[in-house]
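The values are calculated or read from the model by the stated rules, or taken from the named source; none is laboratory data. As the structure is a prediction and not an experimental result, all values here were calculated from the model. As a convention, Cβ positions derive from the backbone with ideal geometry for all residues, glycine included, and neighbour counts pool all protein chains shown. Surface accessibility is based on the protein's heavy atoms, side chains included, excluding ligands, DNA and RNA. Shrake-Rupley method; radii C 1.70, N 1.55, O 1.52, S 1.80 Å.
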Amino acid sequence: MTGRLAHIFRHPIKAHGREELASVVLSAGASLPWDRHWAVAHAASKFDAAAPAWTPCPNFQRGARTPALMAITAEFDEATGEMTLRHPDLPVLCFHPETEGARLIDWLTPISPDDRFAPVALVKAPGVAMTDSDYPTLSIKNLASNAALSDHMGQPLSIHRWRGNLWVDGFAPWAEFEWIGRQLRVGETLLEVRERVGRCKATSANPETGVIDADTLRGLREVVGEQDFGVFAVVLQGGRIRPGDVVEVI
């Protein structure tokens, strides 16, 4: 069973912007480089800055509570450390996450809650990606599944609703759920699919506007039976991947 790799995306700041990549080098046992490298802690977060470690996603600002975040796009310059964020309702922000986290918090204020979930700090845990799983993963999505759900709901659904890392093409809708426990050869790499990805309300927001306009969770329950879309995989063998690479299920 083969298909192809269609897109590669990373999300340098968890829930705060997507960025498409022309290629990337994966490493065994690691997440996609710079994906979810930072996260935005809110006022009620239990993230411990004195002993930073992987922390569950409810401790961070995210699209499920703040749908406007879904409209952010990102560009991260690895050489200079500069991040550029764009949002349709805000001015362009260029800043250095390592030293200018406060500028991000100020920029986010107009589209963020002003209660106990207000954003307070840009944080990270060295060597750990703030993925939704408590182990280093990449999320894999199937273009055919997105098309099938769009048809069922009677409206086009942007792939950006799902915040995936790798998008594959050439497979049947929902075939990815049958890959649990199997391996994928993608370009130079070897991945192992571990589990389904449970979805949240963030997917109901339009990634162009940040406005809720689709009951994606109900759509998934009607089509799949669960609120799942995509799968998590771990990297067994590293190497470079790029769109167009063959994806083989083995």
Net charge within 15 Å of Leu5 by Cβ-Cβ distance, Lys/Arg positive one each and Asp/Glu negative one each, not counting Leu5 itself?
0
With every protein chain kept in place and ligands, DNA and RNA left out, what is the accessible area per residue of the stretch 1-73? Probe 1.4 Å, answer in Å².
37 Å²
Apply the Debye scattering formula to the stretch 36-85, with a single equal point scatterer on each alpha-carbon and no solvent, then give log10 I(q)/I(0) at q = 0.15, 0.23, 0.29 Å⁻¹.
-0.53, -0.98, -1.10
Neighbour net charge for Trp34 - beta-carbon separation under 9 angstrom, K R +1, D E -1:
-1
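Percent of accessible area on the chain owned by carbon and sulfur, 1.4 Å probe?
Carbon and sulfur together cover 50 percent of it.
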Arg240 versus Cys200: modelled label distance in nm, points set 7 Å from Cα along the beta carbon direction:
3.6 nm
Cα gyration tensor, the stretch 123-201 - rounded (a/c under 1.5), prolate or oblate:
oblate
Quick one: P(r) of the stretch 199-250 from all Cα-Cα pairs, 5 Å bins, percents rounded to integers, in order of increasing distance.
4, 14, 17, 16, 11, 16, 17, 5
Could you tell me whether the stretch 119-250 comes out rounded, prolate or oblate from its Cα gyration tensor? Rule is a ≥ b ≥ c as square roots of the eigenvalues, rounded for a/c under 1.5, then prolate if a/b exceeds b/c, otherwise oblate.
oblate
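Using 0.36 nm per residue of separation minus the Cα-Cα distance, give me the extension gain between Glu188 and Ala79 in nm, one decimal.
Numbers: separation 109, 0.36 × 109 = 39.24 nm, distance 2.44 nm.
The Glu188-Ala79 span can extend by a further 36.8 nm.
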Express in Å², to the nearest 10, the accessible area of Phe171 obtained by rolling a 1.4 Å probe over the protein heavy atoms while all chains stay in place.
20 Å²
Dividing the alpha-carbon radius of gyration of the chain by 2.2 N^0.38 Å (N being the number of residues), what value is obtained?
0.97
Label-zone membership for the stretch 224-242, site His152, 7 angstrom Cα→C-beta point, backbone N under 17 Å
224-231
